[in-house]
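S.K.: Input: one structure, supplied below.
The values are calculated or read from the model by the stated rules, or taken from the named source; none is laboratory data. The shown structure was predicted, so the numbers you read here are calculated from the model rather than taken from an experiment. Neighbour counts run over all protein chains shown; Cβ positions are idealised from the backbone, glycine included. Protein only, heavy atoms only, side chains kept; ligands, DNA and RNA dropped before computing areas. Shrake-Rupley method; radii C 1.70, N 1.55, O 1.52, S 1.80 Å.
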Amino acid sequence: MIDAVQQIKDRLSILDVVASYVELHKAGKNYKGKSPFSNERTPSFYVSPERGMYYCFSTNQGGDMFTFVETMEGVDFKGALKILAEKAGVELVPISPEKQTEQERLYAVLEAAAVYFEEQRKKHEMVDAYLQNRGVTPMTSARWRLGFAPGPPSGWRLLREALLQQKFTDDEMLRAGLIKQTDAGKAPYDVFRNRVMFPLFDQGGRVVAFSGRTIESGDDIPKYVNSPETILYKKSELLFGYDKAKSGIRKLDFSLIVEGQFDVVLAHQAGYSNTVAVSGTALTLHHVQVLERLSKNVVLALDSDRAGIAAMHKAASLMLARGFEVKVAALP
């Protein structure tokens, strides 16, 4: 149920909901209109997209989109949830107690992995040296909880062994995308080895996945390895850095979209607290809808190679179709 509420809030803004009942007009950062709860001549009903709230001065009541639908439709919370789920295209699936426990265990094992990676970064001085050589300060490393996943020659199952000691199971690690199965008879091994680790956070700041950047060289070594999709992580829905960029996007009234994790971290470090990036996929409609709730202004600062230019065209087309004001940063 909690997941459904968050999905609805991700896909709908309070303006989407209220505007279907009330004629609204821009009033500074807010919108105003005549109260739907009383027969008034002078508009005293205000909607704040920034806060996701409304308030009616004529009747002294307010709330969020769920409260509004409850009042307008005369339903309880479950009724409002059903109405808004249909509007947002969210499927309401009853979550059993067993399922809730499963999700909480996955959050727990991912958090434990993040702590392990952070501890390993502090133990391996060459990792901090690598990060500082890339321009990342120790304070920034700590803020973004950057880590390190050790691997061969020390071992292929170091994270797995550490998590087993904390009473997590192989099944939980597999479902969280932290280990991989091997041939019959062999123990599962770590997905991430010898990599600088970037935790991926959901909008509430909880770790849901990882992206690992290799510190080795070689044509046969992929530069990045990302977590597989899980029940907690959908790459078409997650924007890297969004949990930290929300207030910056509201304050600066535009979002800055860059290419990857290092770009996001360094942009925030430089003061651009409105920076986000997609992770392992092109920009999707869901990403656009998430950003739309905060600002309809965007600057694209993607790579200037052929792939980056193609990605910019696709992203710009998607956003322009939603009424965004789109600008492109010219990169040397």
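S.K.: Is there a residue being touching a helix residue (DSSP H, G or I) at 6+ places or on another chain (Cβ under 8 Å), assigned to a loop (DSSP other than H, G, I, E, B), over 30 Å from Arg105 (Cβ atoms) and of a type in the set (Phe, Trp, Tyr) anywhere in segment 237-257?
M.R.: Within segment 237-257, none of the residues are touching a helix residue (DSSP H, G or I) at 6+ places or on another chain (Cβ under 8 Å), assigned to a loop (DSSP other than H, G, I, E, B), over 30 Å from Arg105 (Cβ atoms) and of a type in the set (Phe, Trp, Tyr).
S.K.: Just for segment 84-98: of the residues that are open to solvent by 60 Å² or more (accessible area, probe 1.4 Å) and outside any loop (DSSP other than H, G, I, E, B), which one is modelled with the lowest pLDDT?
M.R.: Pro97
S.K.: Could you check segment 1-76 for strands (runs of 3 or more DSSP E) lying wholly inside it with 2 or more residues that are within 27 Å of Glu237 (Cα to Cα)? Give the steps one after another, and end with the answer.
M.R.: Values: elements: 25-27, 30-33, 45-48, 53-56, 61-63.
Output list reads 45-48, 53-56.
S.K.: Would it be correct to say that Gly241 is small (Gly, Ala, Ser) and open to solvent by 10 Å² or more (accessible area, probe 1.4 Å)?
M.R.: Values: small (Gly, Ala, Ser): yes; open to solvent by 10 Å² or more (accessible area, probe 1.4 Å): no.
So Gly241 does not fit the description; no.
S.K.: So in segment 63-80, with the set limited to residues that are open to solvent by less than 40 Å² (accessible area, probe 1.4 Å) and under 15 Å from Leu24 (Cβ atoms), which one is farthest from the chain's Cα centre (by Cα)? Show your work before the answer.
M.R.: Within segment 63-80, the subset open to solvent by less than 40 Å² (accessible area, probe 1.4 Å) is 63-66, 68-69, 79-80.
With under 15 Å from Leu24 (Cβ atoms) added as a condition, the list becomes 65, 68.
Details: Met65: 21, Phe68: 26 Å.
The residue in question is Phe68.
S.K.: With Ser44, Ser38, Ser48 as the choices, which residue is open to solvent by less than 80 Å² (accessible area, probe 1.4 Å), within 24 Å of Arg293 (Cβ to Cβ) and either out of contact with any helix residue (DSSP H, G or I) (no Cβ under 9 Å at 6 or more places or on another chain) or of a type outside the set (Asp, Glu) (or both)?
M.R.: Details: Ser44 fails: within 24 Å of Arg293 (Cβ to Cβ); Ser38 fails: within 24 Å of Arg293 (Cβ to Cβ).
From the options Ser44, Ser38, Ser48, the qualifying one is Ser48.
S.K.: Restricting attention to segment 63-86, does a residue exist that is of a type in the set (Asp, Glu) and within 30 Å of Ser217 (Cα to Cα)? I'd like the intermediate steps shown before the answer.
M.R.: Filtering segment 63-86 for residues of a type in the set (Asp, Glu) gives 64, 70, 73, 76, 86.
Right, trim to within 30 Å of Ser217 (Cα to Cα) and you get none.
Scanning segment 63-86 turns up no residue that is of a type in the set (Asp, Glu) and within 30 Å of Ser217 (Cα to Cα).
S.K.: Can you find, within segment 281-307, the residue that is nearest to Pro228 (Cα to Cα) among those that are surrounded by fewer than 18 Cβ atoms within 10 Å (Cβ to Cβ) and small (Gly, Ala, Ser)?
M.R.: Ala282
S.K.: Taking the residues in segment 249-280 that are open to solvent by less than 10 Å² (accessible area, probe 1.4 Å) and free of Cβ contacts under 8 Å to residues at least 40 places away in the same chain as candidates, determine which candidate is farthest from Leu15 (Cα to Cα).
M.R.: The residue in question is Val264.
S.K.: In addition: Gly151 versus (1) at pLDDT below 95; (2) open to solvent by 20 Å² or more (accessible area, probe 1.4 Å); (3) in a loop (DSSP other than H, G, I, E, B): which is the lone unmet condition?
M.R.: For Gly151, the exception is condition (2).
S.K.: Of the residues in segment 192-231, how many are part of a loop (DSSP other than H, G, I, E, B) and within 11 Å of the chain's Cα centre (by Cα)? Working first, answer last.
M.R.: Going through segment 192-231, the residues part of a loop (DSSP other than H, G, I, E, B) turn out to be 192-194, 202-206, 215-223, 227-231.
Right, trim to within 11 Å of the chain's Cα centre (by Cα) and you get 202-206.
Summing the residues that are part of a loop (DSSP other than H, G, I, E, B) and within 11 Å of the chain's Cα centre (by Cα) in segment 192-231 gives 5.
S.K.: Further question on the same structure: Somewhere in segment 123-131, is a residue closer than 30 Å to His268 by Cβ, assigned to a helix (DSSP H, G or I) and touching a Phe, Trp or Tyr at 6+ places or on another chain (Cβ under 7 Å)?
M.R.: As a first pass, look at segment 123-131 and keep what is closer than 30 Å to His268 by Cβ: 123-131.
Restricting the remaining residues to those that are assigned to a helix (DSSP H, G or I) gives 123, 125-131.
From what is left, the residues that are touching a Phe, Trp or Tyr at 6+ places or on another chain (Cβ under 7 Å) are 127.
Yes, there is a match, as at least one residue in segment 123-131 is closer than 30 Å to His268 by Cβ, assigned to a helix (DSSP H, G or I) and touching a Phe, Trp or Tyr at 6+ places or on another chain (Cβ under 7 Å).
S.K.: Take segment 154-183 and flag every residue that is at positive phi and open to solvent by 70 Å² or more (accessible area, probe 1.4 Å). Even if it seems obvious, please write down each step before you answer.
M.R.: The first filter runs over segment 154-183 and keeps only residues at positive phi, leaving 155, 167, 177.
Of everything in segment 154-183, just one residue is at positive phi and open to solvent by 70 Å² or more (accessible area, probe 1.4 Å), namely Lys167.
S.K.: I'd like to verify a number: residues in segment 127-141 that are touching a residue at least 12 places away in the same chain (Cβ under 8 Å) and among the hydrophobic types (A, V, I, L, M, F, W, C), how many? Don't jump to the end; show me each part of the working.
M.R.: Start the filter on segment 127-141 by keeping residues that are touching a residue at least 12 places away in the same chain (Cβ under 8 Å), which leaves 127-128, 130-131, 134-137, 140-141.
Retained after the next criterion (residues that are among the hydrophobic types (A, V, I, L, M, F, W, C)): 127, 131, 136.
Residues flagged as touching a residue at least 12 places away in the same chain (Cβ under 8 Å) and among the hydrophobic types (A, V, I, L, M, F, W, C) within segment 127-141 amount to 3.
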